[in-house]
Structures are given as structure tokens and as C-alpha cells.
1. Can you tell me which of B:236, B:179 is at pLDDT 75 or above and either more than 25 Å from the chain's Cα centre (by Cα) or crowded, with 16+ Cβ neighbours inside 10 Å (or both)?
2. Limited to segment D:36-91, what total is found for residues that are open to solvent by less than 20 Å² (accessible area, probe 1.4 Å) and of a type outside the set (Gly, Ala, Ser)?
3. Six or more apart or on different chains, Cβ atoms under 7 Å: show the pairs whose first residue is in segment B:205-227 and touching a residue at least 40 places away in the same chain (Cβ under 8 Å) and whose second is not aromatic (Phe, Trp, Tyr) and not in a helix (DSSP H, G or I).
4. So if I check each of D:116, D:125, D:164, which one is at pLDDT below 80, crowded, with 17+ Cβ neighbours inside 10 Å and not β-branched (Val, Ile, Thr)?
5. Condition first: small (Gly, Ala, Ser), over 20 Å from residue A:107 (Cα atoms) and in contact with a Phe, Trp or Tyr (Cβ under 9 Å, 6 or more places away or on another chain). Now tell me which residues in segment A:23-73 satisfy that.
Number of protein chains: 4
Amino acid sequence: MSTQKSNKSWKTKLHEIIYEADTPSGKLFDIVLLIVIIASIILVMLESVEWIDKKYHDFLNISEWVITILFSIEYIARIITVKKPLKYITSFYGIIDLLSTIPKYISILFAGTHALVALRALRLLRIFRILKLARYLGASNTLVQALKSSRAKIAVFLFAVIILSVILGTIMYLIEGEEHGFDNIPKSVYWCIVTLTTVGYGDIAPQTPLGQFIASIVMILGYGIIAVPTGIVSAEYTMQHKSDKDADDDKTVHLNSQSCSNCLNEKHQDGADFCLKCGNELHHD
Amino acid sequence: MSTQKSNKSWKTKLHEIIYEADTPSGKLFDIVLLIVIIASIILVMLESVEWIDKKYHDFLNISEWVITILFSIEYIARIITVKKPLKYITSFYGIIDLLSTIPKYISILFAGTHALVALRALRLLRIFRILKLARYLGASNTLVQALKSSRAKIAVFLFAVIILSVILGTIMYLIEGEEHGFDNIPKSVYWCIVTLTTVGYGDIAPQTPLGQFIASIVMILGYGIIAVPTGIVSAEYTMQHKSDKDADDDKTVHLNSQSCSNCLNEKHQDGADFCLKCGNELHHD
Amino acid sequence: MSTQKSNKSWKTKLHEIIYEADTPSGKLFDIVLLIVIIASIILVMLESVEWIDKKYHDFLNISEWVITILFSIEYIARIITVKKPLKYITSFYGIIDLLSTIPKYISILFAGTHALVALRALRLLRIFRILKLARYLGASNTLVQALKSSRAKIAVFLFAVIILSVILGTIMYLIEGEEHGFDNIPKSVYWCIVTLTTVGYGDIAPQTPLGQFIASIVMILGYGIIAVPTGIVSAEYTMQHKSDKDADDDKTVHLNSQSCSNCLNEKHQDGADFCLKCGNELHHD
Amino acid sequence: MSTQKSNKSWKTKLHEIIYEADTPSGKLFDIVLLIVIIASIILVMLESVEWIDKKYHDFLNISEWVITILFSIEYIARIITVKKPLKYITSFYGIIDLLSTIPKYISILFAGTHALVALRALRLLRIFRILKLARYLGASNTLVQALKSSRAKIAVFLFAVIILSVILGTIMYLIEGEEHGFDNIPKSVYWCIVTLTTVGYGDIAPQTPLGQFIASIVMILGYGIIAVPTGIVSAEYTMQHKSDKDADDDKTVHLNSQSCSNCLNEKHQDGADFCLKCGNELHHD
């Protein structure tokens, strides 16, 4: 029974290191993980550059193995320390963790030269690890709130842009035609989106005077249109900002990054003893 | 007389399905129509892609006939159920409905190979059906109001942009000339609009040092100018938003999508017994 | 003496027609002038298109003569009816009126084929007539005020953009060099302005990995920078708008377009009997 | 002792001329320095243009010597008049002053033809002199404050843009591949930044229908995203502006450009007798 208890306390300690960022060892774990993730993404990028891949092939290969093993350890540790491992495994970050770990193992199983292209694609999955960095963006709640509250209006607006693009694209397809690069309606709609968003690649450009005249109208429209989402976000953000300042005066409490070992819920108030989502007791060190 | 009554009630029921969205069957009708419209537009787009048109010609042809027949049934049903059919036929959506239905029928009458190009153009008319989707944008009245109240100022602003483009375009025509792509003043003005709106295709670009210097000034001008419509919409939207919130407190009532069978006016208050435009009695189910 | 009086009243009447827009004949004069100016600018534009100039040479030539004669009549009438002709002649619009009238007369004096290029340039001067249309923009005072009050800040901002462009342009010249289109520092600065303003022609584009990395930083900088002038104008406009609304409640009077025959000052209050600038009596019809 | 005193007063006078802008001679010094700096930058630019360098080589060479000598005199004068010369020499502007002065002297030491490229690079260092002009931007504190207070949010936002670019860039690399210019992931990420920021060079552009479809989504995303930093700066600026106006009522004092001869701190209140940073007595003329 004593063994089981010491075992449990060992698990609890590991849980604190992995899932909480308030203890020194927890902070260290987060920083190391951050560096390994960024390193793995840079590695994937460098590998895609042909001359670097040829010159430093061995170094890249070894580095990849090191990172794969580190990710494997992290993945196993996360499963062991969580009360409900299945919930972690099937969660969004759980799936990303698995997918970004396995590619190198699979490369041994199918080590034929003919499977190289598919392997490369698998390796690229590691890029999604970057999404884990999104957790560090949590501080900017005002920004996310402003985007959320204006989401519906931006959606309506983008829908209007698409309707406009389809109609104007079809008209341009009729005017310019295949000989000037407007091969079909989807390509014309693509051109119209490129123009309305003021990107303007120039791979397709109107060449008839009438086409250039209509393109000018599309551009000036885009000029007026670009003002709308900016105005919306600007207004929403100002309001969010104001109510935030009002709320700051008396209603705010500090949230720490302590995570519940049962349901993985984060952001508990300082001094909370039980998880606010599942009622599981929180362990303070 | 009984027959006439049952006939009338049949018409009334159909009217409810087509013109109102509050009953389950009315909602279903709207969703089906939405899908058919989007399908017809995707069809028109795919048909314009040469290799798709060749490979799946039969499938596209049959699909087009199905959609044409569905549109025909809708068009006839709308005429039958409305009290004043002529008003519907001559209305904006009535004309669009007719134009987007007939192209396939005309293609039988003029089935010669020499009329292919004209037929293609006719088929493209169906794209305007997408405008019917605009009805679903009705929710965003704040947005439309903000645009409407700043319409005059945006017009003045765009007028200033055009004056600027004409003068700068003429100057660039004199500096760069025909050998660098500035063939004539209209084309130079087109270049100037492309630059001022920050689209920048690059199909025409200044090549003399003086031309590049003036182009730089045009771009920095455009940089300062782009701020103006955004500022206008942003300010108008903030105000609209505020007065909306004030109005929300006590003056709002719920509008349903019930449509008058006499004058086609929509947006009646919940519990309204007569049309607010023409005084015609509204039928509740 | 009677003759002189009738002469004076004739002059006064003409003055009212030309300089005031409140009488029916004054309005008609303004509209006709507006149409002639736009026609003259379209003419200049069409003439620059080679195939139009060749095909419709005689029509364009006659039209130009008609417009030149109309402009001449207007110019002489303006000089006769104003009390201080010299002030009109040396004023901004007076010089533009003269310069846009004389090109066709000069073309007779130097009718040799060798002077064709210079003549073309002279004809283009008529384009500046478009500036006279700026008078019709007078209604949007809020807009102009917002721009004026934020002028100093936009200037400071653009100065910062130029400093940034010079430094980044020089760095890119060192990295990319002549072989990739960055021929010299002025051209590199031009590229930097093209990129920072998000125009992006693509006539010059970085090709080395390091150059593309720095270009990415320039673009993301431009992304953050574009927010600044928009924010300034938006804030200034909102304030202008508010104080305008406050002022509207009790302080506004209607200004008519009556112009003083002595000092050409416009915008007098309704019912004003003397010019507010020079004290000259205003004639009511 | 008298000599030392006169010597000290001579130093004090020179200090006033160089570091303060309130006396007539101090203003003149600032204006002359401004002109010399701009002249030196234009010189560096012109020198990089091959045909100008060839044609006017002697004139450019002499001008460079004149400017180098002027900069040398300024640098020595600054060291002499400051109480703590080492602090000036190791300060940011001190290093820039030295680096922008020495290139021409070094060109004599290594006057071989083989060192030409390195010399050119050294000469370019003078471009950083432009940063000294930044001092003249000091007036726009509101702008700088608005940028500072929204710096954290803009950083978070740009981080999100980079995450998005890495993921979308990798996807595009898989779809388009090397044959369409997406050679490797870093280049694809570069393309994604070019597109998201609406620059759109067109040197790399998607050519497969699927690639163009995803590019359209990237562009529309960029369209929605561009609104965010603008909204932030706009909101922050409005608030800054408001609190500035409140502060203007009673809390502001005039700051002059008098600079402390001990610690180089600028911006003292009118009438201040001692430096607010180091307590050194300030000399009034």
C-alpha cells in the first residue's frame, strides 16, 4: 500500500511538471518543449530545401531521431500521468502529438525508395505541432473576444465578397476570354478574389480596354470594401476594451495554469481546491 | 363553391410554403431552393472548364435539365400563388428567375453549332440567381446602415481618387511613354488605379528613374488615402452600433418572414393580422 | 449715363450666371460647364489612343475646336464681369483656365510636323481643368477637416516610412545586388516602398533566401504600419463627427453659393447684403 | 586660471550650439547638420547608380571628402564639449557618427582595386545617419504612445500570422510542388507571407486549380486579418487622444530642447536650473 502511495505521488509530481506552469520545474518543462517544437519545425523546413538535405543529411537524420524520441517520451508521460488517458488520446492536442511523433517510426517500416514521397508528406505532419504554441497566445483574450463577437458580421461580409466575386468573375470571363488567361469561370473568380483583396499577383491580368475598365471598377470596389471588416473589428475592439477596463476595477481574479489531473481543464483561480469543471481535487505542492 | 374554396386554400398553403419561412415546410422549401441555386452555379462554373465539360458532358447536360425543370416549376408556382402575378413577373427577382430558367429551352430552338458561343453566354445568366442568396444576408442591418449613411462620403472620396488618377495617369503617360507599356492615357489611368488601390499587378510598371520616383509618390499617397474610407466606415459603424444598443432596450419587436399574398411585402410583426403596406389580411395557419 | 447703367446691369447679370449657382440660369451654366469640362478630358484621353486618333481624326479635331471656342468665351466672359480682372487672371483657376484654352491656338502657329510631340504635351494641359470639379466636393467639409487635423501626424508617419525604406532598401541592395534587379540604391528604395505599401508589382523581387527572409520582415512590418494612418484618420474623423453633431444643434446657418463681384469670395450666409471679406455690396436678383 | 575659465566658457558656448536648439546659433547648427546628413545620403544613393558614378566621379569624390571632413569636425566637437566623452562615444548615436565618418579614411589605407566591393559596403554605413533625423520626430508622442501600448497585442497578432503562414505554406508546398515554383517549405512560407500581407509579387503563384482554391482562402483570410491590427491601433489611439486632451487642460508644461552637458539628457522644462536625470547644473545663456 505504501508503494502504491509513493507511486501515486510520483505520478502527481510528473503531472504537475507536465500540465502546470507555476512551479519552477513546470516552467522549465514548458520552455524545453517550446524549444524542441520550434527545432522540429525548423528541421522539417530545412529538410525540404534540396541542397541542405543533401549536404547535411546525416545531421538532419540524427536530429530527427532525437526529436522523435523526445516527443515519444513526452507522449507516454502525458498518457501515464492523466487520470483518463483515453480522453487525452482522443483530444485535439493528443491526436496532433501522436501524428507528429510517428512519421519517423513509419519510415523504418516502409524503408523502400518508392515510398519516399509519402514519407516526406508524413514528416510534414510535425508542422502541426506549431499549433501547440497557440496556448501561449492565451493572454490576448480581448483580441479573441473582439474577433468572436464580430465573427457573424465578418462571415456575412465575406459571403457578400464571394457573391460579388462570382458575378464579376463570370463577366470578366465573357469579356477577356481564354486568350487572355481567363480560361474558365473558376479561374476568373480566382482572379477576382486576387484583385478584390488587393493582392494582385499579375499572373492573370485584363488586356482588353473594356476588361481593364471593369477591373478598375473591381479595384475601386475592393478599396471601399476593405474598409468594412476593419471598421467592424475596430468598433468591436473599442467596446471590448471599454467593458474590459470597467471589469478590471472589481471583478477580476488571477487564473493560474494549474491543470486538473482528471478532466485536463486549465485556468483555475488562485487558491482553488477543486476543479471547477469535474469537482476533482486539485493537488497543491 | 366548395371546390373554389378548397382551391383557394390549396393556393394559400402553397403561398405559405414558397413565401414564408416560419412553417417547417416553408423552411424545407427555402433550404432545397438554396441547394439547387448553389448547385446550378457550380454547374455553370464546371461547364466553363474545358476538360470537365468534355469528360462529364452527359452528366452536366442531364443535371442542367433537372435544374431547369426545378426552376420552371418554382417560377410557375410563384406566379400561381401570388395575387398580382404581373407585379412578381416585372419585379427584380421575377426577371432574374425567368432569365435563369429559359437558357436551356432556347438551346433546343437554336441547336446549331454556330450559335454555341451565344448559348454559353445565355447559360451564364443563371449566375445572377446567386443574388437571391442576398435575402439571407438580411440579418446584418447594422452593416448595411453603416454603409448607407457613409455612402455619400465614400462617393465623394472615390470621386477624388478618380480625379487624382486622371492627373497622375496623364503625367505618367508623358514620362514613361509607349515604349514602357503606358500606351495611352486611359491605360495610364488604369495603371494609376491599380497602384493607388495597392493591387499592383505588375503588367505595367514604371521603368525610368523619374517614373519610379513619381510611382513611389503615388504609392505613398495611396497609403495615406486607404485610411480615409476605413476611418469613415469605422466611425459610422461605431455610432450605428451605439444607437442600435440604445434602441434594443425598449423599442424592438420580433419580425417574422411571413409574406403578404397581395403585395409580396415581407417582415411583418409577430401577431400582425393585416399587411402593413396594403392592408390585405394575412393568413395564419 | 443710361447706357452705362444698362451696361452695368448686363455685366451684373452675366456675373450672376457665371459666379452664382442659386439662380436657374446660374445652375444651367454650371451644369453645361461641367459637361464641357468632362467632354474635353475624355477627348484628350481618346486622342492618346492611337487607333481612335487615326479613325476619328476629323471628328476629334472639330470637337476640340468647339471646346476651345467654348472655353475661350467662358474665359473672356469671366474677365469682363469681374471687378478686378487681374486678380482672376493671376488666381489658381484663372491660370488653369488660360492654359487649358490656348493649346489649340498654338497648334496653328507651330503647325509643322516636327512640333507634334510638344503640341501633344500642350493639349494634355487641359486635363488640369478637372481640378475645377473639386469645387463640387465642397459639401464634404467633415472629411477635409479630419484630413487637415491629422495632416501633421500623417506627415510624421510618412517621414518614418521614408527613413525605413532608405535603410531597408540599402540593406537589400547589398544582399541581392545587381544580378537580381536591385541595380542601385534608389531602385532598391523604390522596391522597398512598393513592398511596404503592399502594392507589390513583382518587376523586382528578392531571389536569394536571405533576401526573401528580409523581404518577409519588410512585409510584416508594412502590415503593422498600414494600421497607423488608418487609426489616426479614424480617430480624428470620429471626433470631428461628434463636434459636428454638437454644432449642428444650434450654431449652423445656410451658406449659398453667391459670389462677390469684387473679391470673388464665395459662401455667403443667406440674406447677407455685404461681402464678409471685402465689404462690397452683394446684388440680389 | 583665467585662460582655463575662458577655455571652459568657450566649451560651454560650443556645447550650447551643438546640443541645444533654442539659441539662434543652435538652430542654425541643427539646420546645417540636417542638410549635410541628407546630402550625404543622396550622395551614397547617387554613387550606387553606375552611369552617374562614371559621369560625375570627380564631383562625387570631392563632395564625399567635404562631407567626411564636416562629419569629422562635428564628431571631434561633440567629444570635446561633452563632460563624459566616453559615454557619448559608446552611445547609439556616437557609434553611428563614427561609423558614418570613417569609410572615406579607410578607402585611402586600402586603395587597391581588389578592395572595391568592401569599400562600397563601408560607404553605405553612412545611410544610418538618417536615424539621427528621428530626433525631429519627437513631437509626435501620441503616435509613439499608441504604438507602444498596443505593441504586445500586435506582437501576439504577428505571431499568429507566422503560425498560419507556416501551416498554409507547408500545405501549398505539398499541393503545388517544385514544378510550380514552390521549391521548398521556406519558399512556400515566403509566398504565404507575400499573399497574407496582400503584397502579391506574382514571382510565385499557384497554378493548379486546388492550389488556386486554397490561395483564395488564404487571401480572404488575409482580408479579414488585416482588419485586426488596424482596429487595435485605432482603438488605442482614440483612447490616447482622449486622455491627452484631458491632460492638456491643466497638467502640461513646455519642454525645451536644452541638453545636459553631463549626461546628454534632453527635454528639460522651461526654467529648469538642474538636469532632472543627473542633477548637473544647466547653463542658460
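The values are calculated or read from the model by the stated rules, or taken from the named source; none is laboratory data. Worth saying up front: this structure is predicted, and the values here are computed from it rather than measured. As a convention, Cβ positions derive from the backbone with ideal geometry for all residues, glycine included, and neighbour counts pool all protein chains shown. Just the protein is used for accessible areas: all its heavy atoms, side chains included, with ligands, DNA and RNA removed. Shrake-Rupley method; radii C 1.70, N 1.55, O 1.52, S 1.80 Å.
1. Answer to the check: B:179.
2. Count: 16.
3. Here the result reads B:215/B:206, each pair linking segment B:205-227 to a residue that is not aromatic (Phe, Trp, Tyr) and not in a helix (DSSP H, G or I).
4. After applying the criteria, what remains is D:125.
5. A:26
Every residue, every condition in (1) more than 8 Å from chain C (Cβ to nearest Cβ); (2) within 16 Å of residue C:201 (Cβ to Cβ); (3) touching a helix residue (DSSP H, G or I) at 6+ places or on another chain (Cβ under 8 Å), yes or no:
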{"residue": "B:155", "(1), (2), (3)": "yes, no, no"}
{"residue": "B:161", "(1), (2), (3)": "yes, no, yes"}
{"residue": "B:170", "(1), (2), (3)": "no, no, yes"}
{"residue": "B:185", "(1), (2), (3)": "no, no, yes"}
{"residue": "B:192", "(1), (2), (3)": "yes, yes, yes"}
{"residue": "B:199", "(1), (2), (3)": "no, yes, yes"}
{"residue": "B:202", "(1), (2), (3)": "no, yes, no"}
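Table: residues versus (1) within 32 Å of the chain's Cα centre (by Cα); (2) assigned to a loop (DSSP other than H, G, I, E, B); (3) over 12 Å from residue A:170 (Cα atoms).
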{"residue": "A:187", "(1), (2), (3)": "yes, no, no"}
{"residue": "A:190", "(1), (2), (3)": "yes, no, no"}
{"residue": "A:199", "(1), (2), (3)": "yes, yes, yes"}
{"residue": "A:205", "(1), (2), (3)": "no, yes, yes"}
{"residue": "A:212", "(1), (2), (3)": "no, no, yes"}
{"residue": "A:218", "(1), (2), (3)": "no, no, yes"}
